[in-house]
1. If I filter segment 188-195 for residues that are part of a loop (DSSP other than H, G, I, E, B), touching a helix residue (DSSP H, G or I) at 6+ places or on another chain (Cβ under 8 Å) and among the aromatic types (Phe, Trp, Tyr), do I get at least one hit?
2. Considering only segment 44-59, state which residues are among the hydrophobic types (A, V, I, L, M, F, W, C) and either more than 20 Å from the chain's Cα centre (by Cα) or surrounded by fewer than 15 Cβ atoms within 10 Å (Cβ to Cβ) (or both).
3. Output the number of residues of segment 199-220 satisfying the condition of being surrounded by fewer than 19 Cβ atoms within 10 Å (Cβ to Cβ) and either at pLDDT 95 or above or β-branched (Val, Ile, Thr) (or both).
4. Which of the residues that make up segment 123-174 are among the β-branched types (Val, Ile, Thr) and either within 30 Å of GLY241 (Cα to Cα) or in a loop (DSSP other than H, G, I, E, B) (or both)?
5. Within segment 214-273, can you find the residues that are assigned to a loop (DSSP other than H, G, I, E, B) and over 24 Å from VAL154 (Cβ atoms)?
6. What's the total number of residues in segment 26-53 that are in a loop (DSSP other than H, G, I, E, B) and at negative phi?
7. Under 9 Å by Cβ, and 6 or more places apart or on different chains, what pairs join a residue from segment 14-40 that is farther than 30 Å from LEU284 by Cβ with one that is modelled with pLDDT of 95 or more and among the hydroxyl-bearing types (Ser, Thr, Tyr)?
8. Going through segment 238-259 one residue at a time, which ones are within 12 Å of LEU195 (Cβ to Cβ) and free of Cβ contacts under 8 Å to residues at least 60 places away in the same chain?
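The values are calculated or read from the model by the stated rules, or taken from the named source; none is laboratory data. Source: prediction; values computed, not measured. Note that we place each Cβ from the backbone using ideal geometry, even for glycine, and neighbour counts take in every protein chain shown.
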Amino acid sequence: MTTTPARPEDQPPAQVPALPATVLGYPRIGPNREIKKALEAHWRGGDVAALREAIRAHRARTLGRLAGLGLKSDSAIPADGAVIDQVLDASVLLGLVPRRFREAGFSATSPDTGEGLALVSALARGTSTVEPLELTKWFDTNYHYYVPEIEPDVAFSAQTDAVVERFRAFRDLAAETAGAALPRPTLLGPVSFLLLAKAVSSAESPTGGTDGALAQESRFDRLDELVAAYSALLGALHDAGAAWVQLEEPALASDGWDVPREQIVTGLRTAYTAFAGLTARPALFVPVTLRHRRRRRAGRPRRSRREAV
């Protein structure tokens, strides 16, 4: 008698480990604006080592605070490593450095190193010869983020070493913190990243002039490449021991995008079907909500949804 081998799609789904009680994030500026002050001191010419120490101290303080509030299980505490904003952080971790910055000598690297902090600062503030990324409002709040630029000739390049080094740094800090356990890496999700970004032609200037503007929906043409970059980051975090990763998709709780809804839904299905098919990845926690408090518009209820993959 012969038997037919079971197909992968016929296998029962793997058990997703339970996510413990948690929070989506914690203010990254510091209780007394320590990170803001450290950044400004660095931008005035201060030593990058002082900025890195301020970042390390704030991360340790946050771990201690959340563990003290009862988040003591593995993956309960989110490890948000962004220094300025999570969209800019995702851009750097995805290796998306606009051509004008590359031509000025910058390259994709870990945002937590001295060289990476110089890159982050240049993207946010520009240099004497290079215009910064556009700054715009984070949905309908008073927060802002730096808009990623997707150029046709600049590829995504997953900074796998960077996410692993950051995860290990948080893990080591947790080991030194009473009551803290293995933290949970956080990243902006791929669909929100594309929606919050803008397509820029190779000839387009940062101030808006262009030899031929791209249709904004063209940035979704890069979805497969972006999903491959995210898959590499997830695989690296799995190999480093991360049990859960938080992929935030706040853009899905909003509307009014310059991309057709059908394209967004298709992109969402494509991305997360690909992630579900990865054999070596952490479990995924996908919050679909805005992290910051905001004033609700009249007649518009707040929407929030969370999913595990």
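1. So far as segment 188-195 goes, no, none of its residues is part of a loop (DSSP other than H, G, I, E, B), touching a helix residue (DSSP H, G or I) at 6+ places or on another chain (Cβ under 8 Å) and among the aromatic types (Phe, Trp, Tyr).
2. Initially, segment 44-59 is screened for residues among the hydrophobic types (A, V, I, L, M, F, W, C), giving 48-51, 54-55, 57.
Across segment 44-59, the qualifying residues are VAL48, ALA49, ALA50, LEU51, ALA54, ALA57.
3. So the first thing to find is which residues in segment 199-220 are surrounded by fewer than 19 Cβ atoms within 10 Å (Cβ to Cβ), and the list is 201-218.
This time we only want the ones that are either at pLDDT 95 or above or β-branched (Val, Ile, Thr) (or both), so: 207, 210.
Of the residues in segment 199-220, 2 are surrounded by fewer than 19 Cβ atoms within 10 Å (Cβ to Cβ) and either at pLDDT 95 or above or β-branched (Val, Ile, Thr) (or both).
4. As a first pass, look at segment 123-174 and keep what is among the β-branched types (Val, Ile, Thr): 127, 129-130, 136, 141, 147, 150, 154, 160, 163-164.
Correct list: THR127, THR129, VAL130, THR141, VAL147, VAL154, THR160, VAL163, VAL164.
5. First, pick out the residues of segment 214-273 that are assigned to a loop (DSSP other than H, G, I, E, B): 214-215, 241-243, 249, 254-260.
Across segment 214-273, the qualifying residues are GLY241, ALA242, ALA243, SER254, ASP255, GLY256, PRO260.
6. Going through segment 26-53, the residues in a loop (DSSP other than H, G, I, E, B) turn out to be 26-33, 44-47.
Cutting the leftovers down to at negative phi gives us 26-29, 31-32, 44, 46-47.
Number of matching residues: 9.
7. Pairs found: LEU39/SER121.
8. Hits for segment 238-259 are ALA253, ASP255, GLY256, ASP258.
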